[in-house]
Amino acid sequence: MTLRDVRSEDVIFRKKLRLGLVLAVAYTLMYYIYFTSIVYGGVKGGIAVYLSLAIILLGMFFVWLYHVLCKKIEREVRV
Amino acid sequence: MSSTFNVEKFVGQFKPLSLILFALFTAIALWITYWSAKRVREVSHYYVAGARISGFVNGMAIAGDYMSAASFLGVAGLVSFFGLDGIYYAVGFLAGWILALVLAEAVRRAGRYTAGDIVTSTYAAKDVTIIVAIATICISVFYTIPQMVGAGSIAQALLGIPYELGVLIIGTLVIIIVATAGMVSTTFVQFVKAFLILAAGVILMISAWILLGNGSPIEFLSKFIGSEVSIVKAGKSVETTGIGFLSPGHRFPNPMDIISLSLALVLGTMSLPHILIRYLTVPNVVEARRSTLFAVLAIGTFYVATIFIGLAAAILDTRYYTNSNLSAPLLAAYVGSEPLFAYVSAVTFIVIVGTVAGLMMATAGALVRDLLVKSFNMRFESEKRELIIARGAAIAAGIFAMVMGILARGMNVAFLVGLAFAIASSSFLPGMIASLFLKNRVNSKIVALSMLVGLVSSIILILLSPTVMGKAAIFPLSNPGIVTIPLAFTVLGIGVVGKK
């Protein structure tokens, strides 16, 4: 592995970490908004169940999105 | 909506078909163990399967590890008894995976054999290694107890065999799997188990949609909202409406309790040692990321299923009022009669084997690598010798799990898992964050102190909580996460500021 390779791997790692942080913070915020709306906001019944399902599906989507964007980062930096 | 379903026909009765299916799954697990045993020649094979597992297999194995008896029986049961307060668990268990986006690849870079390596790769001081080992063992014990309790209650209620015998069967099977081929057999047992339990969850969910919503989840929920449903409190059914059932406060009247639990679930998932060591079994960071993707897709689908299973069990009243853990298998009996009931019972039983095997691997690694090798500087004359010691540690951990399983009879399994998450997020997470992202900004004494504060405070507050002390509780919350997590991170933060 050349010095250039090491540097590009480091850049990839940092970019992916930043991306992961942004997505994780965004999701956590949404999770706590969901949470607060039920515990303190009086949301209940079918809407509460739909919101719960949406938060689960959104979590799956975020992980998939992270995977796709990471592949893009790896491709771009290595080129 | 009520049904004339007779739960007594299925609970506590000897079921030959369930036992035959369980014997079949056990035979598959033992064959995997026999096949794997030939592949374990070095220490790295035993602890981390030689770091040669693909992202897909590891992702499904992570899912298999995570989709435990507590998830399947406990969460579905809590939803069927308490509605929305049970759904929080399903959402929280999945939401915690979002931290994997930040931690998974860094964990793979830092770790070698054990979860403790992730912390000690930066902070190798003796005080840190000892606390890391103790924290790993404590978390694994708190996570193992509910699994073994689940094993005993399923054995008794669904297979018709005594509670203690169920615990002994599971414990023995786990010891064989872990002591023979370590992480190789554990991985493949968890891989197979993931598909079995996912199939059980999806079959039950779709059956519920067909039965109550003409195949549509939206129609299912509409019907649920418009129906009379009962909440189960203290073993008694209390009638309410669909909307009343899906209102918060049936299990946690104090909102702070829910916030504390959610904090522990979100921050605890990626701090569980048996999950962290799974990331050390893949060859590189790309496979670690792929592992997360497959794991989260499987786990997300599973938790969507547990919500619908719990709601269907409530509306059809396939609940055993004195044991919330039986709602899912009894729903299987309702929708698919004896064959589906037998499948779900046998799968749930084998699911525990996979989860406990993962926990025993984490415990054995902590005992041998973190405690003996790193903390007490013990050196083994050969790899073969270390393998023997590691296998001995796994057997000891398995026996301990069996004893604890028998002593903790009668506890709700999902609830106890919530406590394991609180300990993990209060003790392991500060150490991991310091090791992976703070490096030289804080010294090892502070890292050890923050982990110790998190560990000790969470155990003390659990002992003072309503979970242990009932109405005489000194600490009002069931889950201590809201106090202990900020406390541990405050100590770490003071260390960072102090070093500047």
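Laboratory data are not the source of any read-out in this text; all were calculated from the coordinates shown. Predicted, not measured: the structure shown is a model, and the values here were computed from it. Because the Cβ atoms are built from the backbone with ideal geometry, glycine has one as well, and the counts that use them run over all protein chains shown.
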Measure up B:Lys38/B:Lys374; A:Lys15/B:Lys374; B:Lys126/B:Lys384; A:Lys15/B:Lys499; B:Lys236/B:Lys471 against 31 Å on the Cα-Cα distance and list the ones that go over. A:Lys15/B:Lys374
Cα-based Debye curve of chain B sampled at q = 0.08, 0.11 Å⁻¹ gives log₁₀ I(q)/I(0) of -0.45, -0.86
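Using Cβ contacts closer than 10 Å as the measure, can you line up B:Ser444, B:Ser262 from fewest to most?
Values: B:Ser444 20, B:Ser262 25.
Listed from fewest to most nearby Cβ atoms, that is B:Ser444, B:Ser262.
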All alpha-carbon distances of the protein assembly as shown, grouped into 10 Å bins from 0, give the whole-percent distribution 4, 18, 30, 28, 15, 5, 1, 0
Would you mind checking which residues have amide H under 5 Å from B:Thr241's amide H? H placed 1.01 Å from N; only 5 or more apart, or other chain. B:Val229
What residues have an amide H closer than 5 Å to that of B:Lys233, excluding those fewer than 5 places away on the same chain, when H is modeled at 1.01 Å from N in the peptide plane? B:Val238
Helix B:413-423 against the longest principal axis of chain B: what's the angle in degrees, Cα atoms only, rounded to the nearest 10? 30
Extending each Cα 7 Å along its Cβ direction at B:Lys126 and B:Asn6, get the distance between those two points in nm, one decimal. 6.8
Label-to-label distance, nm, for residues given as A:Ala54 and B:Arg385 (7 Å Cα→Cβ offset): 6.2
Over the Cα atoms of segment B:238-277, what radius of gyration and what Dmax do you get, in Å? 15.1, 46
What do you get for the angle between helix B:481-499 and the principal long axis of chain B? Use alpha-carbon atoms, 0 to 90 degrees, nearest ten. 20
Mind checking the angle between helix B:126-154 and chain B's longest principal axis? C-alpha axes, 0 to 90 degrees, to the nearest 10. 20
So, R0 is 22 Å and r is the distance between the beta-carbons of B:Lys439 and A:Val11; what FRET efficiency does that work out to, to 0.05? 0.75
How big is the charge dipole of segment B:7-412 about its Cα centre, in debye rounded to the nearest 20, if each Lys and Arg gets +1 on its Cβ and each Asp and Glu gets -1 on its Cβ? 920
Tell me the net charge near B:Ile154. Cut-off is 14 Å between Cβ atoms, B:Ile154 excluded, with +1 for each Lys or Arg and -1 for each Asp or Glu. +1
For segment A:26-79, count all C-alpha to C-alpha pairs, find those more than 16 Å apart, and express that count as a whole percent of the total. 53
Filter the chymotrypsin sites (Phe, Trp or Tyr not before Pro) in segment B:1-92 to those in DSSP coil with at most 14 other Cβ atoms within 10 Å of their Cβ, and list the result. B:Phe14
